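No lab work stands behind these numbers, since they all come straight from the coordinates. Since the model is a prediction, treat every value here as computed from it, not as a measurement. A quick note on method: Cβ atoms are made from the backbone with ideal geometry, for glycine too, and the neighbour counts reach across all protein chains shown.
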Amino acid sequence: MPEINNYIIKTVKSLGNKHHRDEEGLFVAEGTKCVRDTWDAFNCRWLIATKVWYEQCGHAGHREKLMFASKQQLERMTQFNTASEVIAVYETPKYEINPEQVRSGLNIVLDNVQDPGNLGTIIRLADWYGIKNIFASRTTVDVFNHKVVQATMGAIARVKVHYVDLEDLFEEYNDMPIYGTFLNGRNIYNSELKKPCFVVFGNEGQGIRAKVERCVTERLLIPAAPGNGSESLNVGVAAAITISEFMRDTLSAPTEAQRSQSK
């Protein structure tokens, strides 16, 4: 079993920075639940844990990548205020876009979303509704940021985030409708929502950028109750409401089991 050393400690700590993640081709997942949820989805370079953690939570499949560390060493490596007893260092995957998947349903598009928690929430939302792909502008927060990884609660193992030039993406699939939420759009609850499609969500403070807005073919509004005092919705909340409406027809249809029972 290899021993932990200063090079590994410094490398793991450096992965809190996107430049170093890109340079090393690595990212981290911290904590028992996060490691369990991601272990089968990514190639592990190092699994760094206390002996107590391994005795309580480890299994034989971990041993090839395992290195024991003290709590003090884990504190030097953690990206969070409090160190956990396990850190997995994974190789950053390279995803290819599957055109058949793009044309088979709903595709979430993020334009310059900056908050790691919002991205993590939207990835969890996609996973909940069975959406396999999210397309993000190159200025959107990095999906392998440790805060994003943690916020996805394991959904990062099942949802792929592709960083692309959004205008090029829309040009390639120019026969598909592109929806976006605006304050001057059509009431989403009274609109016909067609799939396959793209649904765009913008920056927390500035919304969808003008050059991306010009690509939108259908403007939607999430109406507020009369007399409300809020100026806008959090992008994660807006995404939840919007995606829920798009999935209503799919999820309200009877399942195969329900159809069989009704016969």
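Which of the trypsin sites (Lys or Arg not before Pro) across segment 81-126 are loop residues per DSSP, with 15 or fewer other Cβ within 10 Å? Don't skip to the end; give the middle numbers.
Values: sites: 94, 103, 124; in loops: 94, 103.
Within segment 81-126, the qualifying trypsin sites (Lys or Arg not before Pro) (loop, at most 15 other Cβ atoms within 10 Å) are 94, 103.
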statement: Note, residue 98: beta-carbon cut-off 15 Å, +1 each Lys/Arg, -1 each Asp/Glu, net +2
statement: Exposure proxy check on 123, 222, 134: fewest-to-most Cβ neighbours within 10 Å is 222, 134, 123
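Where does each of 7, 90, 173 land when they are ranked from fewest to most other beta-carbon atoms within 10 angstrom? Spell out each step's value before the answer.
On the way: 7 8, 90 24, 173 16.
So the residues, fewest neighbours to most, are 7, 173, 90.
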statement: Projecting the Cα atoms of 16, 68, 44 onto the charge dipole of segment 13-79, where Lys and Arg contribute +1 and Asp and Glu -1 at Cβ, the residue farthest towards the positive end is 68
query: Restricting the count to DSSP beta bridges whose residues both fall in the chain, what percent are antiparallel, rounded to a multiple of 5?
result: 30 percent
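For 64, 91, what's the fewest-to-most ordering of other Cβ within 10 Å of each Cβ? Intermediate values should be presented prior to the final figure.
Numbers: 64 9, 91 13.
Result, fewest neighbours first: 64, 91.
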Among 123, 82, 185 - extreme Cα towards positive end, dipole of the chain, charges at beta-carbon: 82
task: Mind giving me the FRET efficiency for residue 175 and residue 41? R0 is 25 Å, r the Cβ-Cβ distance, nearest 0.05 is fine.
output: 0.20
query: How are the Cα pair distances of segment 1-145 distributed, in percent, across 10 Å bins from 0?
result: 10, 37, 33, 17, 4
message: For segment 6-91, compute the orientation-averaged projected area of the C-alpha convex hull (one quarter of its surface), in nm².
response: 5.2 nm²
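Summing -39500 (n - 2.57) over the DSSP H runs of n ≥ 4 in the chain and dividing by its residue number, what mean residue ellipticity at 222 nm do you reach, to the nearest 500 deg cm²/dmol? Numbers along the way, then the final one.
Working: 12 runs with 96 residues, N = 263.
That comes out to -10000 deg cm²/dmol.
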task: Run the dipole for the chain about the Cα centre, Lys and Arg Cβ at +1, Asp and Glu Cβ at -1, nothing else charged, and hand back the magnitude in debye, nearest 20.
output: 520 debye
task: Taking all pairs of distinct Cα atoms, average 1/r, flip it, and tell me the Kirkwood hydrodynamic radius of the chain in Å to one decimal place.
output: 20.2 Å
